[in-house]
Amino acid sequence: MERLDLLGFLLITFNCNVTIVGKVWLVFTVLLRMVVLVSAGAPVYQDEQERFVCNTLQPGCANVCYDAFSPVSQLRFWLLHSLAALLPSALFGVYVLHRGAALAARALGGADGGGRDPSGPRALRVPDLSCGYVAHLLLRVLTEAAFGASHYLLFGFAVPGRFACAQPPCSGLVDCYVSRPTEKSLLALLMGAAGALSLLLSAADLLCSVRGRARGRRASPPRPPGRPPSGTPGTPQARARAAGGGGGGGGGRGGLGRAGLPDDHDRDPPAPDPLPGARPRKSEWV
């Protein structure tokens, strides 16, 4: 990036660290869950307690039976489920914002960290936030699994039309009737299927992210080799040795040759071959 654009850099950083499955999950959650809950769930459940009718006139019996029938409002439970599923993504977005802003501030600062760099902003590299992405996916999978199990234990996936209640202060067994049971059952099935699909997408995204991180770690370039030996041509030591040898070659040529050995004219002449039949000297015995 030759010109620093903080918003563009943050968007590029988020885009490079989120997989295509994560983007599909985000669109799916925002459109299918939140829009369906607001547009379809609110009209169905806005009068759930007023339309819960019991065949008794005992004061307080209808309220107690409704509490036994629905300990938690299904609409509020689904809203809480959707917000809790979006919370890890929001935390990851804050993490991306923090890291991106820190890198941008470091690029805008001078080389010594005290003031602006007179040569302009330096180039920015998109950071690798795959570790944080995997952690937020793991948290999302656990959240989806916990809320899915809680939904099944609290409500199930079918809303009965009649509910038998014998809670005090009711005088006996009382029959209570639920409004719009078929529509509520279809909405419960839709939200259960949405939760299951969200869990599958999150698990697939987690597996792909972990596999991609492991593949990138295996495909990372090896560490650069160590410093070459001092005698390797091109190193400063070799160049200094060659310069020193060339400068002092005129004065020391008579004593030593190229390899540090005596020259040919400084060596002792070889001993003559002994005459035939002559007795070898003691110095020539082996």
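The values are calculated or read from the model by the stated rules, or taken from the named source; none is laboratory data. Keep in mind the model is a prediction, meaning the values are calculated, not measured. For neighbour counting, all protein chains shown are included, and Cβ atoms are generated from backbone atoms with ideal geometry for every residue, glycine included.
Being in contact with a helix residue (DSSP H, G or I) (Cβ under 9 Å, 6 or more places away or on another chain), in contact (Cβ under 8 Å) with a residue 12 or more places away in the chain and not in a helix (DSSP H, G or I) narrows it down to one of Thr56, Thr29, Thr13, so name that one.
Being in contact with a helix residue (DSSP H, G or I) (Cβ under 9 Å, 6 or more places away or on another chain), in contact (Cβ under 8 Å) with a residue 12 or more places away in the chain and not in a helix (DSSP H, G or I) holds for just one of Thr56, Thr29, Thr13, which is Thr56.
Give the residue, chosen from Gly41, Gly100, that is closer than 24 Å to Gly132 by Cα, in contact (Cβ under 8 Å) with a residue 24 or more places away in the chain and in contact with a Phe, Trp or Tyr (Cβ under 7 Å, 6 or more places away or on another chain).
Being closer than 24 Å to Gly132 by Cα, in contact (Cβ under 8 Å) with a residue 24 or more places away in the chain and in contact with a Phe, Trp or Tyr (Cβ under 7 Å, 6 or more places away or on another chain) holds for just one of Gly41, Gly100, which is Gly100.
Would you check if Ser171 is of a type in the set (Ser, Thr, Tyr), at pLDDT below 90 and crowded, with 16+ Cβ neighbours inside 10 Å? Give the steps one after another, and end with the answer.
Details: of a type in the set (Ser, Thr, Tyr): yes; at pLDDT below 90: yes; crowded, with 16+ Cβ neighbours inside 10 Å: no.
So Ser171 fails the test.
Mind counting the residues in the range 1-15 that are exposed (fewer than 14 other Cβ atoms within 10 Å of the Cβ) and either at pLDDT 75 or above or hydroxyl-bearing (Ser, Thr, Tyr) (or both)?
Count: 2.
Answer yes if at least one residue in the range 86-107 is among the charged types (D, E, K, R), part of a loop (DSSP other than H, G, I, E, B), modelled with pLDDT under 85 and exposed (fewer than 14 other Cβ atoms within 10 Å of the Cβ), and no otherwise.
no
Mind checking which pairs have a first residue in the range 187-204 that is buried (at least 18 other Cβ atoms within 10 Å of the Cβ) and a second that is in a helix (DSSP H, G or I) and polar (S, T, N, Q), Cβ under 7 Å, 6 or more apart or different chains?
Ala188/Gln74; Ser198/Thr29
What about Pro181, is it under 22 Å from Ala62 (Cβ atoms) and either at pLDDT 90 or above or exposed (fewer than 12 other Cβ atoms within 10 Å of the Cβ) (or both)?
Here the answer is no, as Pro181 does not meet what is asked.
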